[in-house]
Amino acid sequence: MPRSFTVTVRDARALREALDQADESQASLARRALISPQRLCQLRNGRFPRVSIEAAAALESALRVPRGSLFHVVPRDAALIVEYLKPTTGEAA
């Protein structure tokens with residue numbers, strides 16, 4: 001099984017704004033991103049800005065923002081970045 005990569009919040013203010021403008025509760029968004037509501041609150045407040053790449057991708061999809069707009073990959077792995085930036089079905093481009 002490939003190792004999981006982490007990403008970090010690109011812009012905490014942009015993440016807060018996207019969460020505030022969402023049409024669903026933060027608890028619902030957290031479930032869709034496969035993280036706890038507490039973890040989402042930590043991301044929102046900048047307390048712990050790292051999360052798994054899978055959670056970041058799911059959260060950006062749930063918020064309907066382009067992949068990579070709220071998080072950036074750590075470490076910089078070109079193949080992973082290409083995969084991460086691929087839009088998913090129903091995601092805003």
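FYI, it's all coordinate maths here, none of it is from the lab. Fair warning: this is a prediction, and the values are worked out from it, not measured in the lab. Please note: Cβ atoms are built from the backbone with ideal geometry, for glycine as well, and neighbour counts cover all protein chains shown.
Key figures for this structure:
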| item | result |
| --- | --- |
| Where Thr8 falls short, out of the listed (1) under 13 Å from the mean Cα position of the chain (by Cα); (2) farther than 13 Å from Val51 by Cα; (3) touching a residue at least 24 places away in the same chain (Cβ under 8 Å) | (2) |
| Which listed residue, of Ala14, Ala27, Ala33, is closer than 20 Å to Leu85 by Cα and surrounded by fewer than 15 Cβ atoms within 10 Å (Cβ to Cβ) | Ala14 |
| Those residues of the range 53-68 which are buried (at least 16 other Cβ atoms within 10 Å of the Cβ) and either β-branched (Val, Ile, Thr) or not in a helix (DSSP H, G or I) (or both), in sequence order | Ile53, Val65, Arg67, Gly68 |
